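Report on the structure given below.
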Amino acid sequence: DFDGQYRAERMFQVIILLFGIVGFIWGYICEQFSQTVYILLAGFTLSCVLTLPPWPMFRRKPLKWQKARPTAEDSKDATSQDKQKSKKKK
């Protein structure tokens, strides 16, 4: 559903932003850019685990789809199948 997609996207953005800020600060304190990258990768991994699978928390408001309308080809197929069934019965 669209609400769940919005929440997943928002959660992804917040996690990446927080880990990016913390990683930058920690990397600046340690004077190691690799620490920043590791922390950012950890945030990316966490956000992927939380947002990519179809968790129930993202499927609270399912969409109600309309039934498919029959097309001209469907009606032709249905009439030919009905004719074949009536021939088999005789």
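Quick look at the numbers
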quantity: Accessible surface of E73 - all protein chains present, 1.4 Å probe, nearest 10 Å²; calculated: 140 Å²
quantity: For the stretch 24-33, Karplus couplings with θ = phi - 60° (6.51, -1.76, 1.60), whole Hz, Gly/Pro x; calculated: 5, 5, 5, x, 5, 5, 7, 6, 9, 5
quantity: Inter-label distance for I21 and L41, nm, one decimal - labels placed 7 Å from Cα along Cα-to-Cβ; calculated: 2.4 nm
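The values are calculated or read from the model by the stated rules, or taken from the named source; none is laboratory data. Because the structure is a prediction, the values reported are computed rather than measured. Positions of Cβ are backbone-derived with ideal geometry, glycine not excepted, and every protein chain shown enters the neighbour counts. Note: accessible area is taken over every heavy atom of the protein model, side chains too, but ligands, DNA and RNA are not part of it. Shrake-Rupley method; radii C 1.70, N 1.55, O 1.52, S 1.80 Å.
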